[in-house]
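Let me begin by presenting the structure, written as structure tokens, before commenting on it.
The values are calculated or read from the model by the stated rules, or taken from the named source; none is laboratory data. None of the values given here were measured: they were computed from a predicted structure. Backbone-built Cβ (ideal geometry, glycine too); neighbour counts: all protein chains shown. The area values use the complete protein model at the heavy-atom level, side chains included, leaving out ligands, DNA and RNA. Shrake-Rupley method; radii C 1.70, N 1.55, O 1.52, S 1.80 Å.
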Amino acid sequence: QVQLAESGGGLVQPGGSLRLSCAASGSIFSIGAMGWYRQAPGKQRELVALVRTGGSTNSADSVTGRFTISRDNAKNTVYLQMNSLKPEDTAVYYCNARIRPRFAALFSDYWGQGTQVTVSS
């Protein structure tokens with residue numbers, strides 16, 4: 001079994017910061033790209049940022065310069081540092097990872113349970 005466990009969401013005032021963490025655990029052979037998505041009420045889930053195994057990253061235009069994604073391969077963990085938060089960043093944030101479980105031939109997508117981020121005064 002492979003699981004992704006997220007932490008770090010909460011309520012923050014505009015201009016504030018939060019750091020999300022997501023740790024992969026279980027019977028893992030290899031992890032590919034890891035990323036964060038978000039879904040606001042009434043909207044589709046969208047990519048926030050992703051980081052590849054080599055460390056290269058991509059991020060949505062709306063968060064570039066404010067959010068930073070990173071990973072610790074030794075801990076199977078991906079982080080999202082969110083600075084200068086805005087009310088429009090309010091959403092449920094989901095961790096995603098491409099993982100090849102032990103004894104499996106292929107990579108599959110795995111998702112965390114989601115963590116609420118609310119930006120409000």
Around SER108: net Lys/Arg minus Asp/Glu count, Cβ-Cβ under 11 Å: +1
Assigned charges on the beta-carbon of Lys, Arg, Asp, Glu; the chain dipole about Cα centre (debye): 240 debye
Neighbour cut-off at most 13 other Cβ (10 Å), DSSP loop, chymotrypsin sites (Phe, Trp or Tyr not before Pro), region 12-121: PHE103
Relative frequency of Cα-Cα separations exceeding 14 Å in region 47-107, percent: 62 percent
Accessible-area composition of region 7-121, carbon plus sulfur, in percent [1.4 Å probe]: 48 percent
Region 17-64 - percent relative contact order, Cα under 8 Å, separation 6 or more: 26 percent
Region 1-60 - Debye-derived log10 I(q)/I(0), Cα point model, q = 0.14 Å⁻¹: -0.54
Solvent accessible area, Å² - SER59, 1.4 Å probe, full protein context: 50 Å²
Within region 87-101, backbone nitrogen closer than 20 Å to the virtual label 7 Å beyond the Cα of ARG66 toward Cβ: 87-95
For the chain, accessible area per residue (1.4 Å probe, heavy atoms of protein chains only), Å²: 54 Å²
Dipole of the chain, positive direction: furthest Cα of ALA105, SER62, LEU85, with charges on the beta-carbon: ALA105
Value in Å of the Kirkwood radius, where the chain supplies the Cα pairs that are averaged: 14.5 Å
Region 32-74, Cα convex hull volume normalised per residue, Å³: 79 Å³
Exposure of ARG102 as accessible area (Å², to 10), given a probe of 1.4 Å and all protein chains: 130 Å²
